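Data block below; observations after.
Coordinate-derived values only; no laboratory data. What you are looking at is a predicted structure, and each value in this text was computed from that prediction instead of being measured. Here the Cβ positions follow ideal geometry from the backbone for every residue, glycine too, while neighbour counts run over all protein chains shown.
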Amino acid sequence: MTIDKRALREVAEKATPGTWRRTSSLFNGITVTPFSLCGEEVTLAHTVEKRDAEFIAAANPATMLALLDENIQLQREKDATEAVALALRDDMRQAREQLEAAEKRNAEQREYYEGVIADGSKRIAELENSETQLINERDAAESALADMYQAATGERPEWSNMFGFVDAVDVVEERLATLEANQSQTTPTGIQLITEAIGAHGYIVGCLLQGRPDLALEESRKWVSAFGQAAEIVSAQDAAGIKVKGVSGRFTTRRTGKLRHEVLRHNPLRRVLFGG
C-alpha cells in the first residue's frame, strides 16, 4: 500500500484543530468534539461503535502531522545512513583494489628477486667453476714449468716468495744458453733436439696464452723428453773431452728472450702463472 504523505499532510493541516476526544451519548453513541461552542461541545461525528470513536479521536490532525514529521526525520536518517554506507562501500572497494595492487606488486617483486637470487647463484657457481679452472690451469702451468726446470737442472724447483716462476724461467734460459755456449762439435741431431726444445718452449707459452693448459702440459712432456736427450748428448760430448768451439746463439738468445718477454708482458700468461 502506498501512502500519499503529501495529500495526508494537506488534509491534516486543513482539519479542525483542537483536542479531539470521545464522549458518551444516549444509546451508547460516540461523539467526537474538538472544542465547545457557547459552552456546548460541537460534535464532529457520531459512531455506533465505541472503538471507532476512540480511533477517530486518536487519529487527529495533530497526531497525523507528528507522524508525518517523524517519517520525514526517519527518511533523512535513512538517507544519511545510506550515504555513509555508500561511502564505506567505496572506501572498501578502493582498499580492496589497493590491496590487490599491493599483492600483485609483491608477487612481481618476489618473482624479480627470486630471479636475481637464481642469477646470482648461477653466477657464483660460474665464478667458482672459473676459479677451479684457473687453479687447475695454474697447477698445470706450474707442473709444466717445474718439469722444464727439472730437465734443465736435474732438480725440482722449490717455490717460495724468493723464488717464483720468473726465476725458474731465467734459470731455464741460462741453462739453454750454457748448453749452446759449451757445445763445440754439436751433431746435427743435437742441434735439432735443442732447437725443437726451444721451439716447444715457445709453443707451450702460446698454449697458455690461448687458455689451453692441457695442450701446454702435453707439449711440456715432449719438451722434457727432447731437452733431456739434448742434455745427454752434450754431457756425452763433454765427457769425451770435446773442446768448446762456439755455436751461434740465434736460437737461444732470440727465442728464450722472447719467451721471457712474453711471460712478463702478457696478462693472460701472468694470470695463469703468477695469479696476476
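A few remarks follow.
- Extension gain from LYS5 to PHE55, taking 0.36 nm per residue of separation minus the Cα-Cα distance: 16.1 nm
- Cβ-Cβ FRET estimate between THR19 and THR81, R0 fixed at 35 Å, reported to 0.05: 0.45
- Between VAL171 and ASP214, residue separation times 0.36 nm minus the direct Cα-Cα distance comes to 13.1 nm.
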